[in-house]
Amino acid sequence: MDQAHALLIASPGLGHLIPVLELGNRLSSVLNVHVTILAVTSGSSSLIEIETIHAATTRGTCEIMELPSVDIDHLVEPDATVVTKIAAKMRAMKSAVRDAVKSMKRKPTVMIVDFLGTNLISIDDVGVMAKYVYVPSHAWFLALMVYLPVLDKVVEGEYVEIKEPLKIPGCKPVGPKELLDTMLNRSNQQYSECVQSGLEIPMSDGILVNTWEELQGNTLAALREDKDLNRVMKIPVYPIGPIIRTSGPIVRTKLTENPNGIFEWLDKQRERSVVYVCLGSGGTLSFEQTMELALGLELSGQSFLWVLRRPVSYLEVSSRDDDHVSNGLPKGFLDRTRGVGLVVTQWAPQVEILSHGSIGGFLSHCGWSSVLESLTEGVPIIAWPLYAEQWMNATLLADEIGVAIRTLELPSKKVIGREEVAFLVKKIVAEEDGEGRKIRDKAEEVKVSSKRAWTHGGSSHSSLLEWAKQCRLVS
Ligand code: UDP
């Protein structure tokens with residue numbers, strides 16, 4: 001019998017491409033199935049995507065086909081957001097995807113799209129094939145996405161102005177401090193794209209989500225069993241996380257190829273004493289906030305490793321280094337903190353850094369990949385959410401799971417002063433008792449449960465096998 005074949009489709013942007021590549025790896029290694037990834041890229045400017053695809057191709061576990069880019073300039077407004085552009089591009093790719101599938105010698109058993117490519121669920125004339133959605137985020141986010149079309153009907157006015165938090169049946173309500181940035185302006189096209197995705201996800205045969213049972217049992221139970229939520233979504237949900245990048249740089253720079261400077265420095269630090277600061281691939285701080293963050297790190301007296309790069313955008317990325325970023329730091333900062341802190345201005349090997357024993361805390365923008373990379377190493381988080389679904393992630397981590405501490409105000413709304421930065425850093429890394437200790441203990445507990453979920457017979461391992469049987473990838 002032919003080896004079963006899973007077809008994965010990645011939307012443009014590293015935040016979509018990387019989780020899909022990692023899912024492909026996991027399917028291929030755990031299920032021993034053939035995996036093809038159709039990568040829709042951002043176009044010729046996307047050096048990082050090209051490098052990422054190249055690195056993944058070299059790894060050789062999945063077959064990767066890059067689909068020729070299509071021009072969408074005439075389909076979107078010139079000032080369209082990244083989400084709007086991605087959704088428009090995925091719609092424009094429909095016939096290219098259909099042609100690619102039809103030309104495949106080995107017909108796919110299952111197709112998996114990510115949550116911005118849900119229009120592809122309705123591809124019909126390619127032979128019968130099960131269609132699933134991959135949500136590389138958490139269960140609460142998924143619940144909000146599928147319930148958004150209902151909220152869209154019943155809530156009047158802008159969500160930012162609501163007095164009561166938005167109720168999602170069986171789940172924690174979503175308050176103004178947890179809204180997705182795509183929900184902030186309902187007349188913007190990106191909001192309509194999210195509502196559309198919320199309508200299309202339930203039309204699939206099921207959902208794979210990058211969380212695990214022990215982390216979000218209640219929300220997962222609501223998605224499966226709450227009768228009001230089941231009115232909008234009756235399909236099965238398979239928690240299969242944490243799926244994270246296990247090795248290899250996304251981006252090659254002098255630092256990622258020869259990271260000894262960082263690791264020699266980390267080797268000299270005490271166990272669990274360093275706070276790692278990194279705001280993902282796109283996090284930007286104002287000049288004033290950069291100053292306050294620097295002075296706060298200095299004031300804390302704790303060791304720090306700060307990745308201070310010129311941010312790169314998903315759709316217009318370049319892996320160029322920028323050594324001048326540090327010019328925006330307070331005068332004399334680098335000299336005064338020499339030995340205590342290390343500032344790097346290139347793309348850092350984050351997965352490897354977080355697994356180093358000297359890292360005691362992570363000041364993070366709370367992108368879900370960064371969160372999972374931190375939790376699987378038992379590193380507690382200082383939540384510094386900036387955009388996308390990061391406000392929600394910060395609340396989930398701080399208020400529900402208990403592995404993070406957060407700023408009093410959202411950092412995207414107000415400059416966080418140096419005293420607050422120093423307070424948070426000391427609390428998370430050094431506080432002997434009290435809240436700091438509690439959060440560190442919880443992070444250790446979550447690390448154990450994350451590993452257990454993926455042992456043989458663990459919850460995510462079993463969930464993946466159940467899904468694979470359901471869609472006949474394995475017998
Ligand atoms: N990353 C990295 N080095 C950096 C910055 C980011 O390796 O200097 C990686 C990080 O490990 C994670 C990804 O980039 O895998 C960022 O994804 P996340 O979902 O955390 O945030 P996003 O960048 O999508 O907002």
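Worth a mention:
- Filtering region 366-402 to residues that are assigned to a loop (DSSP other than H, G, I, E, B), within 18 Å of the chain's Cα centre (by Cα) and away from the ligand (no atom under 13 Å from the Cβ) leaves 378, 380.
- Of the residues making up region 125-134, not a single one is under 21 Å from the mean Cα position of the chain (by Cα), surrounded by fewer than 20 Cβ atoms within 10 Å (Cβ to Cβ) and not in a helix (DSSP H, G or I).
- Condition check for residue 37: under 21 Å from residue 136 (Cα atoms), buried (at least 21 other Cβ atoms within 10 Å of the Cβ) and either more than 16 Å from the ligand (Cβ to nearest atom) or basic (Lys, Arg) (or both): yes
- Flag if residue 416 is in a strand (DSSP E or B), modelled with pLDDT of 95 or more, touching an Asp or Glu at 6+ places or on another chain (Cβ under 8 Å) and of a type outside the set (D, E, K, R): no
- Counting only helices (runs of 4 or more DSSP H) that sit completely within region 254-348, those holding 2 or more residues that are away from the ligand (no atom under 15 Å from the Cβ) and at pLDDT below 95 correspond to 260-267, 287-300, 333-336.
- From the list 412, 364, 374, the lone residue that is among the hydroxyl-bearing types (Ser, Thr, Tyr), surrounded by fewer than 18 Cβ atoms within 10 Å (Cβ to Cβ) and in contact with a helix residue (DSSP H, G or I) (Cβ under 9 Å, 6 or more places away or on another chain) is 412.
- Residues of region 424-454 that are open to solvent by 70 Å² or more (accessible area, probe 1.4 Å), free of Cβ contacts under 8 Å to residues at least 60 places away in the same chain and either farther than 16 Å from residue 371 by Cα or assigned to a loop (DSSP other than H, G, I, E, B) (or both): 432, 433, 435, 437, 438, 441.
- The listed residue being surrounded by fewer than 14 Cβ atoms within 10 Å (Cβ to Cβ) and in a helix (DSSP H, G or I), out of 105, 89, 153: 153
- The set of residues in region 223-246 that are in a helix (DSSP H, G or I) and buried (at least 22 other Cβ atoms within 10 Å of the Cβ) contains only 223.
- Scanning region 112-124 for residues that are of a type in the set (A, V, I, L, M, F, W, C) and either without any contact (Cβ under 8 Å) to a residue 24 or more places away in the chain or outside any loop (DSSP other than H, G, I, E, B) (or both) yields 112, 113, 120, 121.
- Residue ID - farthest from the chain's Cα centre (by Cα), chosen from residues in region 456-475 that are free of Cβ contacts under 8 Å to residues at least 40 places away in the same chain and open to solvent by 70 Å² or more (accessible area, probe 1.4 Å): 475
- If the condition is being touching a residue at least 24 places away in the same chain (Cβ under 8 Å) and open to solvent by 60 Å² or more (accessible area, probe 1.4 Å), then region 171-209 contributes 172, 177, 185, 189, 196, 199, 203, 205.
- Selected residue (only one of 27, 75, 17, 31 is crowded, with 24+ Cβ neighbours inside 10 Å, within 24 Å of residue 126 (Cβ to Cβ) and at pLDDT 90 or above): 27
- Qualifying residue in region 48-58 (condition: part of a loop (DSSP other than H, G, I, E, B), open to solvent by 50 Å² or more (accessible area, probe 1.4 Å) and not hydroxyl-bearing (Ser, Thr, Tyr)): no
- Members of region 403-450 found to be within 23 Å of residue 210 (Cβ to Cβ) and under 19 Å from the mean Cα position of the chain (by Cα), listed by number: 403, 404, 406, 443, 446, 447, 450
The values are calculated or read from the model by the stated rules, or taken from the named source; none is laboratory data. If you're wondering where the values come from, they're calculated on a predicted model, not measured in any experiment. No Cβ is skipped: glycine too gets one built from the backbone with ideal geometry, and neighbour counts run over all protein chains shown. Note: accessible area is taken over every heavy atom of the protein model, side chains too, but ligands, DNA and RNA are not part of it. Shrake-Rupley method; radii C 1.70, N 1.55, O 1.52, S 1.80 Å.
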